[in-house]
Structures are given as structure tokens and as C-alpha cells.
Amino acid sequence: MEGTLSYPIMYAKPIQEQLDYLVYDSKYELDLANLKLLQTLGSGHYGDVYLGILNLNGARIPVAVKKTKQLANIQHMELKSPEECDKIWQMERDSLRDELKIMGHIGVHSNVVRLLGAITTSRDDYCIVTEYCEYGSLDTFLQNKTDLGLFINEIVTEDSAGYVIRGRDCVYKSMQDIMWDSQFEARRSEGVLTTSDLLWFALQMARAMEYLTQLSVVHRDVALRNVLLKSDFTLKVADFGLSRLASDDGYYYQQRNVAMPIRYTAPEAMKIGRFSEHSECWAYGIALWDLFTFSKKQPYAEECPEGYSGILAYLTAGNRLTVPSTAPKPIRLMIQKLWHENPAKRPSFSDCQSDISKELNLSCPQILVRMHLDYDMLSIKRTSLDDVKIVQNLHNYLQKRRKTHATNIYSKIIPEHRSRVMQLAWCAALATFVILALIFAGMTTFRLNCGSQDMNESKASSPNVTWTTNKGHILLNGEQLVLKGINYFGFESEEFMPYGLSSQSLDFLLAFIRENNFNAVRLWFSIEMIQKNPKTKVDCAKNEDLCKLKALELMEAVVDRCAERGVLVVLSCTQLAAGSDYNKPNGLWYDDGLPTYTEEKVLEAWDVLMNLVKKKWNLLALDVLDQPRYTVSWGTSNTDTDFNQYTERFVKHISSKHAEFTGFFFVEGIDKNGAFQGEDLMGVRESPISTGNMEYDKRIIYSPHSFGPDVYNKTYFNVSNFPKNMPSYWEKFYGYITTSKDNPVIIGSWGGKYQEGTSDETWHNAFVTWLQEKCLTNQFYYGLNEPNDTPFGEPLLGDAAIPNRRKLDLLTKLQPHPTRLRYIASTSELRITPGRFPNTACNI
């Protein structure tokens, strides 16, 4: 689909054209009565594009319709005389005619937008009709993905010398996770875009361009705005308004004063107007640059803001655009070759396909395998199913009447595992319904979003979120919350930042969390971090936008990044002073021996933090204190040591002073009666948290911590009936709360090394079984990515970015269907995909 040219225009010298040799094939002529225009999709340089319904061979299918502008509109915009406007209209009609002849010459290819027909016998209705692509132009699609934080960079490892590991230029996720490759379709269904998808787009573009050059077609405007995308990630090169035929010597010389997209034009074409396959290769290199920069800015926007003269001088001097690091190194080298000064030394489109396929075979081989199978069957199944999907897309828009993010929604409309006949029957019934709905609704009353977000919409700060509880369950906007959480430490350390950011990007770590279906993180911090708010030392190369932030700013950024990905956050006060040397000598929430850590100062620090985060929609809870121990007590009426009394003061303080925070309060147990630190909640039986305010008390969540023998080898791990004896301990410490109190219970931390054949593995398996039986699978595992030399062994994601598959599989078994959240920033909408507990008796 054409976009309005916003870049400077140059005109080349007149040389003979070859287009006049083409003849329009009358088989494409359509009956005007079979075409109905529905909605304007866009306005381009040579005409307007509409969404329409075409009655073709008895079937009604949505189509894209490209028309010349109406004379009245031209006169209004150009402020010219009727004669001048008529001349402009004639030029536009001629351009549209030329495009029609080119498209008829091109024929059918899986990566070129398909011509369905045209109307050329009516002056006022002169138009081209093509297939409709649900996701719209590729540039807008990429921009939306990055704006929503839905891109995952699959290049996961690099060293100080670059991407040189094990003799390879790149190491991809698929090399470290055997399941990654096979899950690419699931990621797409979640709206996630990956490096492999970008490579797949690049490969399809190369296939299309090779096909066009074989037909001697010179496109001349290979830009992502002119590349369309279907919902199955099939790419379609479109907009042949500038396309022409090359002569027998392989070159086309521009004749008329036709606008030229100079930012995509090779130097030799800019100088003398000579276009060829070699100049198309240059333009393809620019398109790849645009692809791997997600179309965030125009080529040369920073290098040459003055336009044509500056760009030509810049290129003539030997300068080139900087290829983004999001492109794999072999692809970066290929792009640089595409910009060779000598046109004959630029790689062919066949060479490009070979290079890209090699990388794609490493990053995600299943894309090549499955997609090539689909292409082999293209003539059989692609056309009709595309039309089915378009109609379903329209149906969805009519039902919702609002803009939505472009994701594949079709599997929810048509049942799976239907025969071909049944699918067509569903299609016909659904198409009939949509057409009738369009007639009765009135086509001017609805606004259609063609697979992209309105980039001009203002972004609201947060969606409407309501937290409630019901008989031990947490409800988010009335939906039961099935929680799968993970502990993420680092803000409590002397580095004052999340662990891993000195060598990895935050986006990579959060992508790992999202990919493995975690929907919540428990962030640790220290009071000292808040009081000092020091500068942090993140890896600026991987976290450019975070490298100058102080600790509190970084924490807020982490919470916001989590929100973008639909991840909830629990903020946990782990300790008073930073680092491991202090470690709360008295085990309490204060230390009167240090004037900076009195209870008053601690609450003041909480106030500072809350002023930053209290309005964040994804702030699930505040964890009052991590693992109170040593001198701590519960229910003894001792104001100085009773943790339950401090919790009540804390809850009243936060709730009254920061009423904007509507989430929960995590209350851990103590370390008495042979329990682990944070595990003993036996005091709740006689002394539950009671603030005197029933609404405050409903926001209490009891959050014990339990660990296995690798953390500390307690006596009850070494008895003959282990692990059958364990449920009685867990029940005694906190399990009883699920039947005696209405407050939810969420395990705030648990884990160990979980090595095969050990008693810790036995403990893990027994604990998982008990949690499922007790409806306590809402939990936070320890931990995300700490060093490997702790009692917890290898974390879920080690320093080498290798996932711990054994632990991840165990957590999937424990909580296989967590709630999925998606925050749409442009509409301030929170979409909730309900989860369900593995024990069906636990669901409400």
C-alpha cells in the first residue's frame, strides 16, 4: 500500500521506456456491480486505497482497491482550475494503468501481492483490485511490535571480541534450548516477534525480488512501506507504481519526471537515472537496514538531513549507513556487500537467499521446514484460507468496534480439525453474516484498524485494575489469577541493580520470563538502596536507555518494562543495609543501633519508594519483610519484636498515606518451631493480622517460604519416612490457613539445586504434589539468574544464558496454565487470558 512521500524527490533524465510494450489482458476486467467499497485504508502518491468486498465466482471476499483520486478532491487539495485538475487526474490514471499492466505481466508469486482484477471501462471507477493483507504494511507492523515490547532478540551470547563463539559468528537461542525451535508458531500466536521472523521476512523479500528481476521488472521503490504482511507471516511485495521493464541489456533509464525515492536509490541511479538488478540489490540492502531498525527512522535521517544533495555526496565519499547489531553478523556483512560502489560486485538475490537461509537454519530451522511445505501447497490452500481469515478479521472488528493489536485471532473463530468441506461451509456462513452485518450497521459508522495501531493515539498511563479476593483466591478484574512467579534479586546487593544487567540486557531477561509463562516477579531491594539512591553500572552497550539511571529510576524502569510485557511485580524489602555482610543482625525490620534504620526511617524509605510506584497497574503486592528471624516473635504482645504487630502498623501506614496503591501485602512467617526462615505462620491461628479495618485485612496474603535439604539439611529430611513426613510439617506451618482463614496463601520463595537422584529432588517432587493437592500452586520460585555457587545451585537462567530445563519443566508441571496478561499501551487496555489450576477442584 502506498504511503505519502515524505522524502525529497529528484527527477532523472528522459530515456526510452519499455512499459508501452505491455498490453492489458482483458481477462482481469471486473464487473463494477460485483465490487463494493467499504472503508478508506490510506491515501497514496498516485491514488487512494480502500477496503472492498468482491463477488468473485460466487464467493464474497475482502479485497484492497486502489483508485485514482476523485476530481473534486484533487481540486480541493491542489486549489487548481478544473482543467489543471483534470490533467492531474489523467496523470494519476496513467500511472495506475501502468501499474496494472506491470502486475498483469508479473502474474502469481507467493511473495508478490496478487492482482485479482481491475475496472478500466468507467472513468470515475477506474481501479486495481488486489488481495488484502490483514497486518498491513511491514514498517507499521514492526513499529507496533517494538512499541509494545514484543520483540525477542534470539542472538543470546557474545564475548569481548564480538559474536565469535565455538567458531560460529552467532549463537542463537535454538542452540541452547532444544524446544525453542519448535515453539515459533506459539510465539507468533502470542504476538511475539523474533530475530528468526526478521530473517524470514528478509528471505521472502529476496525471493520476491529475484522473481521480479527474472521478469525484467525493476521495482524502484523497495521500501518496507510497500511490503505487506498477511496474518500467517507471508510477506507480499506491493506497490508497483514506480515499476518498469528493463530493456534487453538489463537496464531501465527513467524517462518521465516521476518521483524517485532517493533514500532507497543506488548512487548510479541517482546520478544518471540508470536502474538495474544491481540497483535493486542496493535498495534491498536499505530495506534490510530498515527491517533490522524496525522502521524507527528514515535512512540517512541523521547522517544527511539536508536530503538529496547531502545523500549523494555522503555516498560518493564512500560512506554508508551503520548496520544495526540486531542483524546477525553474517547478514550485516551481506548488507554491506549490497552497498558496494561497484554494482557488479553486489551479491545477487539468489546469493542473499542462500546467506539468509543458512542463518535461519541455525536460528529456527522449523520456520524453513514448515514454511517451505506451505509454499509447496500454495496453489491448493493459500488463497481460500487467506480469504477466510480476512472475513474473520472483519467479523472481529465489527464485534469489538475498537482498535486492537494485530494478532492472529482466527483459531478461536473456526474450530480446528475440520475437513476441507466443513471449513468452506464455515467460511460461507461467516461471510454471509459479515456482509449482512455490514449492510445493517452502515459502512460509514465503523472504523477499521487494518492490523496496525494508530501511532498518533495518546497513551494512557495505566488500565483499570481491580484487585479482590474470594475464599483464598486472588481476582484480577473479576478473573481468578493463576500465578506463576519468579524471584529476581539484585537491588538489595551492593551493586544496587538487578543481577545480570552488567552483562545482559533487561529486555533479554524479561523476554525469558515471558517466554516461560511467568506472569510475576518478586523484586528484592534494601532500605539502603532507597536512602542512598546511587548510580548503577549496567552494561550500557546492552542497556543503552538504562545506563545513566540511578537505582530508584532503574527500579521504576524495571517495573514499567514488566508492565509492558504483562508481568506483575511484588516489591520485597529483603534487608536494611546492602550486601551480604550486614544481613539484619537482630533479624527484625529495624535496627535501633543504627540511626538510619529505625522503624521511622524504614517507613520513610518505603514512602519514597511508594511515591514512585504506587500508581503502577502491575504492582501486585508489597512484601513487608523478607524472612524475619532470630529475635523475631509472633503474637507475644511484644511491640519491639512481634512481626504481626509491625505488619499491622505497616499496612495502616501504607494504606492511609498511599491510597492509590490498591494491591496486596505479603506477610511472611518467622523461623521458630524448626521451620525455615519465613516458613512458620503458626501464629496466624491465634493472632492473624488485624488492623481494625476490614478492607485492609482483606488485602493480607500470607506468604511462607519453604526449602529443601540443599538449603539446610534439617533433621526431618533424614528420617526413614521422608518425604511422606513432609506434608504434616507444611500443614502445621501454614497449610491449615487455606481452610481456617479467607486470606490467600502464596509461597513467596522455594527451591534448591534439584539435582537428579538427590534427596533435594525428592523434596521438590513431593512439595509440587502437595502444593497441587492443597490448591497452593500460586508461588514464586527461587530464582531467576543468581550465581551458580549458592545452595540453590544453577538458577533458571545461568550466566551463560543457558536455561535450566529440568527446573523449568518442573515449574510447568506445577503450574501449566497460568493467567496471561497483555497490556495495550495505546488504548490503555489490559487483556486477560484466564488461567486454570492443575487441580480442577481448585478453580472457581
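Among bridges DSSP assigns within region 696-844, what percent are antiparallel (round to 5)?
Given both bridge residues lie in region 696-844, the antiparallel proportion sits at roughly 55 percent.
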Q. Taking the highest mean first, how do the peptides 831-843, 124-136 order by number of other beta carbon atoms within 10 angstrom per residue?
A. 124-136, 831-843
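Just to confirm the filter: which trypsin sites (Lys or Arg not before Pro) across region 620-661 are DSSP coil and have at most 14 other Cβ within 10 angstrom of their Cβ? Could you put the intermediate results ahead of the total?
Numbers: sites: Arg629, Arg649, Lys652, Lys657; in loops: Arg629.
The qualifying sites: there are none.
Report the full-extension gain for the segment Ser720 to Val465: residue separation times 0.36 nm, less the Cα-Cα distance, to one decimal in nm.
Net length gain for the segment: 86.9 nm.
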Q. Suppose every K and R has +1 on its Cβ and every D and E has -1 on its Cβ; what is the size of the dipole of region 481-842 about the Cα centre, in Debye to the nearest 20?
A. 1080 debye
Q: Would you order Ile486, Ile474 from fewest to most other beta-carbon atoms within 10 Å of each residue's own beta-carbon?
A: Ile474, Ile486
Q: Counting other Cβ atoms within 10 Å, keep those with at most 13, restrict to DSSP loop, and tell me which trypsin sites (Lys or Arg not before Pro) in region 701-759 are left.
A: Lys724
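Given 0.36 nm per residue, what is the gain on full extension from Lys732 to Asp351 after removing their alpha carbon distance, in nm? Don't skip to the end; give the middle numbers.
Working: separation 381, 0.36 × 381 = 137.16 nm, distance 6.83 nm.
Value of the extension gain: 130.3 nm.
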(Q) For the pairs Lys535/Lys614; Lys173/Lys329; Lys724/Lys774; Lys145/Lys173; Lys614/Lys657, flag any whose C-alpha to C-alpha distance is greater than 18 Å. (A) Lys535/Lys614; Lys145/Lys173
Q | region 509-598 - charge dipole about Cα centre, Lys and Arg +1 at Cβ, Asp and Glu -1, debye rounded to 20 | A | 120 debye
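Using the count of nearby Cβ atoms within 10 Å as a rough guide to exposure, how do Thr265, Thr639 rank from fewest to most? Present the calculation step by step, with values, prior to reporting the outcome.
On the way: Thr265 25, Thr639 10.
If I rank by nearby Cβ atoms, fewest first, I get Thr639, Thr265.
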Q: Kindly work out what percent of the DSSP beta bridges joining two residues of region 481-842 are antiparallel, to the nearest 5.
A: 20 percent
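Order these peptides, 179-192, 351-364, by their mean beta-carbon neighbour count within 10 angstrom, highest first. Numbers along the way, then the final one.
On the way: 179-192: 16.8, 351-364: 20.6.
Answer by packing, highest mean first, reads 351-364, 179-192.
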Q | Summed residue charge, Cβ within 10 Å of Gly751's Cβ, Lys/Arg positive, Asp/Glu negative | A | 0
Q. Which ³J(HN,Hα) values in Hz, rounded to whole numbers, follow from the phi angles of region 537-545 under the Karplus curve 6.51 cos²θ - 1.76 cosθ + 1.60, where θ = phi - 60° and Gly and Pro get x?
A. 10, 6, 6, 5, 5, 9, 9, 4, 7
Q. Mind listing the phi-derived Karplus ³J(HN,Hα) values for region 182-189, rounded to whole Hz, using 6.51, -1.76 and 1.60 with θ = phi - 60°, and x for any glycine or proline?
A. 6, 9, 5, 5, 5, 5, 4, 5
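Laboratory data are not the source of any read-out in this text; all were calculated from the coordinates shown. What you are looking at is a predicted structure, and each value in this text was computed from that prediction instead of being measured. Cβ atoms come from the backbone with ideal geometry, glycine included; neighbour counts cover every protein chain shown.
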